[in-house]
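See below for the structure under consideration.
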Amino acid sequence: MDLHVGDIAPNFTLMITEERLIKLSDLQGKNVVLYFYPKDDTPGCTIEAKDFNSHKADFDKLDTVILGISKDDVSSHYKFKTKYSLRFDLASDSNAETATKYGVWVPKSMFGKKYMGIDRTTFLINKEGRISYIWSNVSVIGHANDVLSKIKEQQ
């Protein structure tokens, strides 16, 4: 799916813990930072998660929910969140259904080996459930600050 600024963000229901599901539709009325990342506890993904975590209070002040999504299972997410004291939810998209809806499940290549994987991408979804900004091929250093700036700009 090819999503653009102004589109209604595709709804999803994903596991965030063994007992809890999260639905995008339940977050309407808040801004949502939906960031897709390849894998828990890898160098770039750790930098990105810690960066969002360090700005959590600023996002809260802007009525904004942070949600990280990867194919990792909830057990892996729990370990990752605990290890780095992350104060926002990580959702498990184990079958890549949500990543596919958002167009971030893509062919990749490493050392000549081709495979499918998540393209590190962040979507800013406004309080009405529309995509208000998209960051593709995210560079993790300083990314959370870029997202915060964009939210402040749109207030």
Taking the stretch 128-142 only, how many residues are surrounded by 13 or more Cβ atoms within 10 Å (Cβ to Cβ), in contact with a strand residue (DSSP E or B) (Cβ under 9 Å, 6 or more places away or on another chain) and either among the β-branched types (Val, Ile, Thr) or modelled with pLDDT under 95 (or both)? 3
Looking for whichever is exposed (fewer than 13 other Cβ atoms within 10 Å of the Cβ), under 14 Å from Thr121 (Cα atoms) and not aromatic (Phe, Trp, Tyr) here; the options are Asp2, Asp63, Asp26. Which one fits? Asp2
Going through (1) part of a strand (DSSP E or B); (2) surrounded by fewer than 12 Cβ atoms within 10 Å (Cβ to Cβ) one by one, Ile69 fails only at (2)
Which of the residues that make up the stretch 143-155 are surrounded by 12 or more Cβ atoms within 10 Å (Cβ to Cβ) and out of contact with any strand residue (DSSP E or B) (no Cβ under 8 Å at 6 or more places or on another chain)? Ala144, Asn145, Leu148
Residue that is surrounded by the most Cβ atoms within 10 Å (Cβ to Cβ) [pool: residues in the stretch 104-126 that are charged (D, E, K, R) and touching a Phe, Trp or Tyr at 6+ places or on another chain (Cβ under 9 Å)]: Arg120
Report every pair of residues separated by at least 6 positions or lying on different chains whose Cβ atoms are under 6 Å apart, first residue within the stretch 40-54 and on the phi > 0 side of the Ramachandran plot, second outside any loop (DSSP other than H, G, I, E, B) and surrounded by 17 or more Cβ atoms within 10 Å (Cβ to Cβ). Asp41/Phe80
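The values are calculated or read from the model by the stated rules, or taken from the named source; none is laboratory data. Note that the structure is a prediction, hence the values are computed from the model and not measured. With ideal geometry, Cβ positions are generated from the backbone for all residues, glycine too; neighbour counts draw on all protein chains shown.
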